[in-house]
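Just below is one structure, and these are the notes that go with it.
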Amino acid sequence: MSGTKEYRKRFPIDVFTNCFITLPEEHYLVHAGKLWDAIYRQARAADEAAEMLVVTSNTRHLLHMLFTFSSKLASHFEIFKDTTKAYVSGNAITSVNRNQQYQHPLAAAPQICHTPSGSGDGTSLYKGFVGGGARNGSVGGTGRDANEILLNPNTSYLIRLTSYENANFVQINAEYYERFHHLVPLTTTTTTTTTTTTV
């Protein structure tokens, strides 16, 4: 038999090991057109910050998001939940699908922008440092399985990367996909109706 693999009906089989050929989760997501990137990069002076706002929808299609931070010089990052800063449509960040041939549509796309308006950081979830030399920093470790955050529905998240140095270049990358979770409680609005009877 020629070649390194054969296809039996639906499943690719490796002819040497006689096992199914599998892909890592993130590799599968790219092939399926389900992995998206939202990137914001900017030049910053000392004590200046680059900010990204992510607003999730009130839906059970939850976002699984991986934040990665890059900096030419020393910086520090912080991620906040329930920020009261507001989405600015003029600063919207367009997400790019990692599969340029097929894009699986999002059931509930998040609103993502840079430089949100207003004030109120929210509750700090994660913070850390990004070293010089354009090194990367991310939440938890180096792989998606260690870093990924499952975001709450109907919630605003503020991501901030602050430079320690002048003439610095910083970048925030939000890589994400969505999955349906049927047990997630959603925010509901209760309407009360009052009836008045005249005698």
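Read-outs: derived from the displayed coordinates by stated rules, not from any lab. As the structure is a computational prediction, the values presented were derived from the model and not from experiment. Cβ coordinates were reconstructed from backbone atoms using ideal geometry, including for glycine residues, and neighbour counts include every protein chain displayed.
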Ascending count of other beta-carbon atoms within 10 Å, so fewest first, for 83, 115
115, 83
Ranking of 176, 28, 40 by count of other Cβ atoms within 10 Å, fewest first:
28, 40, 176
Just want the ordering: 53, 106, from fewest to most Cβ atoms lying within 10 Å of their own Cβ.
106, 53
Under 11 Å from the Cβ of residue 170, count the other residues' Cβ atoms, weight Lys and Arg +1, Asp and Glu -1, and hand me the total.
+1
Could you work out the local net charge near residue 154, counting Lys and Arg as +1, Asp and Glu as -1, over the other residues with Cβ closer than 13 Å to its Cβ?
+1
Explain nothing, just the number: dipole magnitude of segment 35-180 about its Cα centre with +1 on each Lys and Arg Cβ and -1 on each Asp and Glu Cβ, in debye rounded to the nearest 20.
180 debye
